[in-house]
Structures are given as C-alpha cells and as structure tokens.
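K.L.:
This structure is in structure tokens; I'll ask about it shortly.
The values are calculated or read from the model by the stated rules, or taken from the named source; none is laboratory data. Since the structure is predicted, the reported quantities are computational estimates derived from the model, not experimental observations. Every residue, glycine as well, gets a Cβ built from its backbone with ideal geometry; the counts of neighbours run over all protein chains shown. Note: accessible area is taken over every heavy atom of the protein model, side chains too, but ligands, DNA and RNA are not part of it. Shrake-Rupley method; radii C 1.70, N 1.55, O 1.52, S 1.80 Å.
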Protein chains: 2
Amino acid sequence: MATLGDVAARAGVSISAVSRVLSDAPDSRVSAATRERIVDAARELNYRPNFAGRALKSARTQVVGLVVPDITNALFTELMHGAEDEATERGYTVLLGRSDDVRPGGEVIARLIGEGRVDGMALQVGDAVQPAGLRDLITTQAPIVLVNSSYPGHVGSVTLDDHRGALIATQHLLELGHERIAFANGLPRSFTAKRRRTGYKLALATAGLRMPKEYETRIGYTVDNGRTALRRLMALDPKPTGIVVANVNAAVGLLGEARRAGIRVPEDLSVVTVHDSWTAENTWPPLTAVKMQFYTVGRAAVRSVIRRIETGETSDEVVTDPPPELVVRESTAPPRTA
Amino acid sequence: MATLGDVAARAGVSISAVSRVLSDAPDSRVSAATRERIVDAARELNYRPNFAGRALKSARTQVVGLVVPDITNALFTELMHGAEDEATERGYTVLLGRSDDVRPGGEVIARLIGEGRVDGMALQVGDAVQPAGLRDLITTQAPIVLVNSSYPGHVGSVTLDDHRGALIATQHLLELGHERIAFANGLPRSFTAKRRRTGYKLALATAGLRMPKEYETRIGYTVDNGRTALRRLMALDPKPTGIVVANVNAAVGLLGEARRAGIRVPEDLSVVTVHDSWTAENTWPPLTAVKMQFYTVGRAAVRSVIRRIETGETSDEVVTDPPPELVVRESTAPPRTA
DNA sequence: TATTGTTGCGCAAACGATTGAGCAGTTGGG
DNA sequence: CCCAACTGCTCAATCGTTTGCGCAACAATA
C-alpha cells in the first residue's frame, strides 16, 4: 500500500505537505498548483491513509463500539442500522462487540477501550447483567453510553419511552373492552421491564381496574420465556382475556404456545406486544404491536457517544420522537363474552 | 493508559524486556525474577497493549472483516456467531462490515483492506451483487474468502452443500407421496439458487418426474419474494400440492400468504424449506426444514481467511459436516388426494 | 532601504510497539 | 588460563501519521 512518503516522492514535495493537503487541514497554506500535484499523485497511487498510523499519532480511532447482549434478537438489527447510519454520517465506524462477554467483570469493554480499539461505546446490557456487575463496567472514565437502561450516578443513557409503550398497549386492550388483562413482563431486575410495568399499571389504574398479582409474569424476553408465560397465565382462574407482552420475541413464543394449547387468538385471547419487528408481521395471526423505534435509539446512542467523545458533554435522553405507535393487526379483538 | 514505557520504568528494566515478556516471545531470555517484576508491574498498572502501536509496527491487526448483504436475515446471526467463535479461539476479532455498501465498486472492501483495518475478509455477497461487480471486489490480492458463492478464477470460498439440501427437501415431499412439487427459488444469478436447483431437479429425475417450467419461481429470498412466489404458484393449473422453498425467510412469507389466501398448510399444501432458524420453529404451523449449519460456515470461513493470511494457502471448501438434516415439523403431510 | 508580515513549504519529533543487533558478565571446555 | 558460547539484558531503528516550529522568498509598510 502506498504511504504518504510514496505520494510525497511522486509529487516532489515533503510528507508534511501531503498530509496537510490530504487531510485538508484548515491552515494548510499550500499553493493551488502543489495541491493539485499532490491530489493527482495520491489518486494515481490509490493512496489510503493507514489506520494504525493515524490512530497511533492522533490517539483517535474514529470507531465506536456497540455492545448488545443478543444479536439474535430481532430488535438488534434495527438498533445496529440506526447506529451505523449515524456513525457513517459523522465519519465514524461501528465495531460490534462480542455480546456474550457482557458479563460482570466484562472483558470486552476493558479490552475495546483499554487497547484503544474504540473511542467510546454504546452499551445495551439487557437482562443478562446484574446491577452489581454493571458498576464495574461503567465506573471507568471512558465515554460509555447506556442503551435502554441506566445506572444511578452514571450519566449518559438513551432509552425509549417504555412507560408510554406499555401504556398504549394496555389501553388498546381496555378500549376493546377487556377487563382481565395480564402482563408478560421481563425479569424484575431489567430496567425496561420496570418502566413498562409502570405503563401497564397506570393504564389499568386510570380505567379503575386492578389485577391480581399473578396476572403479571416476570420471566424474561426470550421466545421460551414467552411460552412459559402463556402456560402460567392461562392456568389462572379466571383466565385473562388479553395479554400485553413486553417483548416481541416473547410474544412470538407466547403465540406459538397458544396455538399448541388450542387457544384461539384473537377469539379466545387477545395478544398485543410492545415493540414491533418484521417477525411480528409474519406470525399467525399477525401481531398487533406498539411500534417502538429502535432505529432511532441506535442513532441517538451513537450521537450521544460521539458528543461525549468530542465535547465531553453527557446526557440522559429519552427518545420520544417518533412516539410509540399502535399498529393494529389481527391478534387483538373484543373479548368474546363482553 | 499505561504504556510499555510505564511498565518498564516501574519494573526498572528496559522497554524491550517488557515487550518480550508480555508478548511471551519464544526466546525472550529473561530471568525468572525479572519476569516476575515485569508481570507484577504490568498488572499493577493495568497495562494493555495499544492496538494502534502494535498494528503499526507488526502490520497486522488480528482482525478479520465479515461482510454480509443483509443483517436482517435470520441466518446472518448464525454465521456471525460461528465467525466470532472461530476468530476468538484464534486470537482474532471480527469486524462487521457495512452491508449496504457491498455494491459493485464496493467501497467497504477497499477501505477495510486498504486502510489496514483488517487483515482479511469473509465476504457473503448474496443476490444483490451482479457477477460483474464481484470481479472488482475480489481481483485485489487481499485475502478474501467468499461465503456461499464462488467466482471463476477466484480461489477461496466456503459454501454449504446446497445441492444436497434441496435434494433432501424434495425427497421428503416425494416420500410423502407428492407428485406436483413446486420450487420457490432465488434469483437466477444467485450462486446458491443455481446449486439448490440441481438438487431439486435431481430428486425429481430420480423419482422419474418432471415438472413444468412454471413450477419453479426464481424471485428471491426475502419475505416478500416468498409471498409473491406463493401467489404465482397457486395460480397455476394444476396447482402444486407441495412447495420446496429455497430460503427460510421466503418460506415464512410464503406461509403467511397461504394463510391469507385461505390455503391450509399442510392439508391443502405442504411446505418445506431449505435452511432452518429460530423463526422457522415459531411460524404456524411450524416449518419443516432442512437444517443447514450456517454456524459451521461462519467458522469455516474465518478459519479459511486466517489460514490465507498466515500461510497464504487457499482452498474452495464445501461444508458437509454436519450434513444437511431434515427436521420434520408440521408444515408437511401427504397430499390430500393421494 | 530597513523592518515587518505573509505565503509556501520542509524538518523533525512524537505516538506505542516490535525486533535485530550488541554488549557486558558468567559458564564451560580444552 | 584462554576462547567460545551462553545468559540476561539494553539500544536504537522502524512502522505511517500528525503537527509545532523554522526558514526562505517575497510583498507591504514605514
């Protein structure tokens, strides 16, 4: 590969001149003629700045790390796309961190930051990490922004309006006339689960309703968790006529388990999920969902990380634009014996 | 961050000694006592080798790029996991390339390789790239291995046994007694589509059958493509009683469209897909599928890239272990009027 | 005409790591 | 007792960039 030296030799100038021209330094003070010779030479040699050389000298990589617990999750895709788009627009690259390593003591973070592979990172921790483990991860001074979670004392987070999402989903069932509405939620320690819970409860309270404690399961966000939730909820007496599922993957599992148990959706049971994704469109029946813009979160997270890197400013941001939006498909209907 | 110099100062030795000890050079020739002082100092300072410094000097990044056309695809996840596992075991890191840029003239590849961000790459091109565009991408001397495709003259590829996968899927329908078996395939220019086609045809020929030309659609691998394929195939006369779908995403779409059209699966129509994924388990009915190990392909691809980087050897490999395996679920049954 | 300012470049020192060469001091063989 | 070989380290060059400083040449001003 051609180096600055090669280009300089071909253009008959010094290395510094080439560097200044090609990285268009503001006060480069190079004549138009020289500039042209340099640009031509660079093009002819197909010059590309060496990443390592530049990073070493400038102590900047122009890379942000994105660490997610589970790339299987359909939502990850949206997040990643948003992150990539924002990064590219700002001249950064996204490095996807090894998800499985996001454990207490998490080596990924220490490595990515410590070895100088990234300038900062966006970190979605999910259910997997215990609050105690989180502390180790973020007490470094590094520019880290949490995605869909927050930590007391840590400044720098981007979250969705989970509260509102769950509220809208619950309201939808209420408006259809349901009076026994269950909630298949994530693990108690999950940050998002806590916030969605308040939305669910507020919607019920506003309608003057109150559900027995067993109407909320707090099992988790996976497909299997959804299956378990359905079995547990439909074993109750009286059975719920509608279920708000806090996660689309769990909803897919819950729906499948309902089919297997001979429960008809939406005739016997209405199901609405918080979060939308392409998988939700392709279940049977297609899932009614509250669309939460993960793409926007990806963008906001990267924007926040970059701002933190470049200016040092931090913030805790709730993405409310676009707002959570109900997408009515075919998994919800009025209760049969309304 | 602590540098080699810091560690050296603290241990009271030279930088070279520290470097040799910490990167355990084979003939480091350092006394046990000194070694211990160095290791202790490094630990106390929480030393981590600077990525840029190391990369600059050694002209190696220990990073392989993985470029895929569409990270939405459920199969990508498996591929990525395999790639990551293999890379980690061998001391490499995976950098996920921006998918959308994999177009003719593809800038990603030139950048990742040209700027020295990666030592080599695994490239899954998919349907999106025209054969002509491919040439530009791979005629560089860089260590590039193609995944699920190949290119005349280019040595270095890892593919699945697509032929066999389609063969097994078709045989399954034949064994159930189907005699009108359609094939929802990918685009004609797709490498995998061509190979799956031969499997489908061979199975039919072996059974002494031959289908009219219209029984094969060559639309593509997306969910929407699957929907279109179903409409087109079920408009034929006589209708097929079974469909082999070349891709699981397309199969999901095809299944959804069948529901919408009031076609019962498997009573009116059997559907079997090539490739399995978690989405296939969660459709209704759950999809019968031929499981193809994308995880293994990810591993093999990275292994191949690394071998190419380190030894210069190249190879064209077909992953046959584990072999394609039929997973019978509930989307296939004997034809009604057998 | 002397001074000052500006333009257009080149010099050389970093950044952090690797590595061949070199150099004392010790050991072993003859 | 001498030379060779080995041990245990250090020196210094190098990878490709960036960037503060310096230095001519020339123009503008006093």
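K.L.:
Taking the condition of being outside any strand (DSSP E or B) and without any contact (Cβ under 8 Å) to a residue 60 or more places away in the chain, how many residues in segment B:146-174 meet it?
P.N.:
So the count comes out to 9.
K.L.:
If you don't mind, another one. Condition test on residue A:67, is it within 16 Å of DNA strand D (Cβ to nearest atom), of a type outside the set (Asp, Glu) and either outside the structural domain of residue A:225 (by TED's automatic domain parsing) or at pLDDT below 95 (or both)?
P.N.:
no
Yes/no per residue for (1) at pLDDT 95 or above; (2) β-branched (Val, Ile, Thr):
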residue	(1), (2)
A:6	yes, no
A:19	yes, no
A:34	no, yes
A:55	yes, no
A:75	no, no
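K.L.:
Hey, another quick one. With outside the structural domain of residue A:303 (by TED's automatic domain parsing), more than 16 Å from DNA strand C (Cβ to nearest atom) and not aromatic (Phe, Trp, Tyr) as the only criterion, which of A:96, A:75, A:45, A:79 stands out?
P.N.:
Answer to the check: A:45.
K.L.:
Would you check which residues across segment B:154-174 are open to solvent by 10 Å² or more (accessible area, probe 1.4 Å), touching a helix residue (DSSP H, G or I) at 6+ places or on another chain (Cβ under 9 Å) and farther than 22 Å from residue B:288 by Cα and list them?
P.N.:
B:154 - this is the single residue of segment B:154-174 that is open to solvent by 10 Å² or more (accessible area, probe 1.4 Å), touching a helix residue (DSSP H, G or I) at 6+ places or on another chain (Cβ under 9 Å) and farther than 22 Å from residue B:288 by Cα.
K.L.:
Same structure again: What residue, of B:101, B:40, is acidic (Asp, Glu), away from DNA strand C (no atom under 16 Å from the Cβ), surrounded by fewer than 21 Cβ atoms within 10 Å (Cβ to Cβ) and modelled with pLDDT of 95 or more?
P.N.:
B:40
K.L.:
Oh, and also: Provide a single number: the residues in segment A:20-64 that are within 9 Å of DNA strand D (Cβ to nearest atom), polar (S, T, N, Q) and either in a helix (DSSP H, G or I) or under 25 Å from residue A:302 (Cα atoms) (or both).
P.N.:
3
K.L.:
Ok, one more. Taking the conditions exactly as written (near DNA strand D (Cβ under 9 Å from one of its atoms), surrounded by 13 or more Cβ atoms within 10 Å (Cβ to Cβ) and within 14 Å of chain B (Cβ to nearest Cβ)), does residue A:17 satisfy them or not?
P.N.:
no
K.L.:
Which one of B:3, B:61 is over 30 Å from residue B:226 (Cα atoms), free of Cβ contacts under 8 Å to residues at least 60 places away in the same chain and more than 11 Å from DNA strand C (Cβ to nearest atom)?
P.N.:
B:61
K.L.:
Considering each of A:118, A:30 in turn, give the residue that is touching a strand residue (DSSP E or B) at 6+ places or on another chain (Cβ under 6 Å), free of Cβ contacts under 8 Å to residues at least 60 places away in the same chain and open to solvent by less than 60 Å² (accessible area, probe 1.4 Å).
P.N.:
It is A:118.
K.L.:
Let me ask another. Please work out which residue is farthest from residue B:225 (Cα to Cα), limiting yourself to segment B:175-210 and to residues that are open to solvent by less than 10 Å² (accessible area, probe 1.4 Å), outside any helix (DSSP H, G or I) and touching a Lys or Arg at 6+ places or on another chain (Cβ under 8 Å).
P.N.:
B:183
K.L.:
Here's a follow-up. Go over the candidates B:123, B:75 one by one and state the one that is touching a residue at least 40 places away in the same chain (Cβ under 8 Å), away from DNA strand D (no atom under 13 Å from the Cβ) and either over 28 Å from the mean Cα position of the chain (by Cα) or more than 12 Å from chain A (Cβ to nearest Cβ) (or both).
P.N.:
The match here is B:123.
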